[in-house]
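Working notes, structure below.
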Amino acid sequence: MTDEDLKIMEIRVKNLMLSKQLIIQALIVIIGGLIGLGFMSSGTLRNSLLVFGLFYVLVLIKNFSSVCGEIEGYLYKNKRK
């Protein structure tokens, strides 16, 4: 690998790490909101927000998993060679 390729890979890993942190922060906020919804009286709005929030949490967890896999791919690909 050339120096330019290593620099590009380093920037890509940094961007992925930032994405990982943003996803974790979003998950914390959304899960906190879902816990707060638990204290509301039952109703259509509460139930629809719960379903939407749970769906969004699942999407973020899937995205977090793929970002972690991509980071591991970049980091451990070079160690094998």
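Quick look at the numbers
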| quantity | calculated |
| --- | --- |
| Where chymotrypsin sites (Phe, Trp or Tyr not before Pro) fall in DSSP loop in the chain, at most 12 other Cβ within 10 Å | Phe39 |
| Local net charge near Tyr74, Cβ-Cβ under 10 Å (Lys/Arg +1, Asp/Glu -1) | -1 |
| Size of charge dipole - the chain - debye, nearest 20, with Cβ of Lys, Arg +1 and Asp, Glu -1, no other charges | 160 |
| Stretch gain in nm, segment Asn15-Ser66, where the contour uses 0.36 nm per residue and the Cα spacing is subtracted | 17.0 nm |
| Rounded Å value of the spacing that divides the Cα centres of region 5-39 and region 47-65 | 14 |
| Spin-label proximity, Phe52 to region 13-29 - amide N less than 20 Å from point 7 Å beyond Cα toward beta carbon | 26-29 |
| 0 to 90° range, to nearest 10: angle between helix 3-37 axis and the chain longest Cα axis | 10 |
| Mean accessible surface per residue for the chain, computed with a 1.4 Å probe while every protein chain stays in place, in Å² | 77 |
| Label selected from (i) 1.18; (ii) 1.47; (iii) 1.56, the criterion being Cα Rg over 2.2 N^0.38 Å as computed here | (iii) |
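The values are calculated or read from the model by the stated rules, or taken from the named source; none is laboratory data. The shown structure was predicted, so the numbers you read here are calculated from the model rather than taken from an experiment. Methodologically, a virtual Cβ is constructed for each residue, glycine included, from the backbone with ideal geometry; neighbour enumeration extends over all protein chains shown. Surface accessibility is based on the protein's heavy atoms, side chains included, excluding ligands, DNA and RNA. Shrake-Rupley method; radii C 1.70, N 1.55, O 1.52, S 1.80 Å.
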